[in-house]
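The values are calculated or read from the model by the stated rules, or taken from the named source; none is laboratory data. Just so you know, these numbers come straight off a predicted model, no measurement behind them. Cβ coordinates were reconstructed from backbone atoms using ideal geometry, including for glycine residues, and neighbour counts include every protein chain displayed.
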Amino acid sequence: MKTEERHRLIGELLRRRAEVSVEELTGACEASGATIRRDLEVLASHGVLRRVHGGARSLIVRGENPGYGQRELEDQAVKIRIAAAVAGLLRDREHVWLDSGTTATEVARTLRGRELTLMPMSVRSLTAVTGDDPNPGQRPALLLPGGSLVPGELCFRGPLAEANIRSLRFDTAVVTPCALNLKDGLLAHDLEDAAVKRAGLESAARVIVACAGSKWDANAVALVAPLDSVNVIVTDKDLSAEELAPLNKLSVEVVKA
């Protein structure tokens, strides 16, 4: 089993269980105890778990939003497909606002070398879009929003970030909601995140929502915007005719990733 596969499996186990031992993981991952211990140290440094004697403990409390490191391990293949589909919808020379989160980071990675002006809402996306490119002139032109940085997430928040977003007009906003449902629309886990997302989509002529199937009908408490604010939804979810009907009524295009 490859390193990435082991890390993903460990992360999945710790979403369902409070604690797991090295011995259990050696069997589940078909790896040596030394390899598993190294994996746990790496995952602990990324904020996925807490290292304890003989194993690891989950950092996720029931109902709590998983940290960035944990979410980064989940639905990776889906996020890559969604990111590619989003990139295909963006035209050269567009001014693009890009939300924060693991899906947004994957979108940023696909935009390396594109002729765009981009405002990424996290340091992680900023790093992903610049990478180790030896030809910096070929990167998107970057605008930074300012504001405060959320520890762990490394995303921009606060009144300064919101004001700077609203001072500009974007061709497209790429929004990555924490949850989405047909009744409420786009949702976030906290009010500050919702406010930043709202500022981004309200400052754009077109709104693309990038949303994995796991986010549909998930739990989140802060309303961002109703679905009539959205132009395109990119998702891996197979929507039924009953789910598509209200979206069609709102003229929301659905792109399957």
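Scanning region 201-222 for residues that are closer than 14 Å to Asp99 by Cα, touching a Lys or Arg at 6+ places or on another chain (Cβ under 9 Å) and crowded, with 17+ Cβ neighbours inside 10 Å returns Ser203, Ala204, Ala210, Cys211.
Listed here are the residues, each with its yes/no results for (1) more than 16 Å from the chain's Cα centre (by Cα); (2) aromatic (Phe, Trp, Tyr); (3) more than 17 Å from Lys215 (Cβ to Cβ).
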{"position": "Ala77", "(1), (2), (3)": "no, no, no"}
{"position": "Ala87", "(1), (2), (3)": "no, no, yes"}
{"position": "Arg91", "(1), (2), (3)": "yes, no, yes"}
{"position": "Asp99", "(1), (2), (3)": "no, no, no"}
{"position": "Glu115", "(1), (2), (3)": "yes, no, yes"}
{"position": "Ser125", "(1), (2), (3)": "no, no, yes"}
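Scan region 178-198 for residues that are buried (at least 21 other Cβ atoms within 10 Å of the Cβ) and either closer than 15 Å to Arg157 by Cβ or touching a residue at least 60 places away in the same chain (Cβ under 8 Å) (or both) and jot them down. Scanning region 178-198 gives Cys178, Ala188, Asp193, Ala194, Val196, Lys197, Arg198. Are any residues in region 9-49 surrounded by 15 or more Cβ atoms within 10 Å (Cβ to Cβ) and outside any helix (DSSP H, G or I), and if so, which ones? Answer for region 9-49, where residues must be surrounded by 15 or more Cβ atoms within 10 Å (Cβ to Cβ) and outside any helix (DSSP H, G or I): Glu19, Val20, Ala31, His46, Gly47, Val48, Leu49. Restricting the search to strands (runs of 3 or more DSSP E) fully inside region 81-196 and requiring at least 2 residues that are under 29 Å from Trp216 (Cβ atoms) and small (Gly, Ala, Ser) gives 185-188.
Among residues that are at pLDDT below 95, of a type in the set (Asp, Glu) and farther than 14 Å from Val175 by Cβ, Asp217 is included. Flag set for Pro151, criterion: at pLDDT below 95 and out of contact with any strand residue (DSSP E or B) (no Cβ under 6 Å at 6 or more places or on another chain).
Screening region 59-80 for residues that are outside any helix (DSSP H, G or I) and not aliphatic (A, V, I, L, M) and picking the one that is modelled with the highest pLDDT gives Asp75. Only residues that are farther than 24 Å from Asp75 by Cα, surrounded by 20 or more Cβ atoms within 10 Å (Cβ to Cβ) and in contact (Cβ under 8 Å) with a residue 40 or more places away in the chain were counted across region 157-177, and they come to 4.
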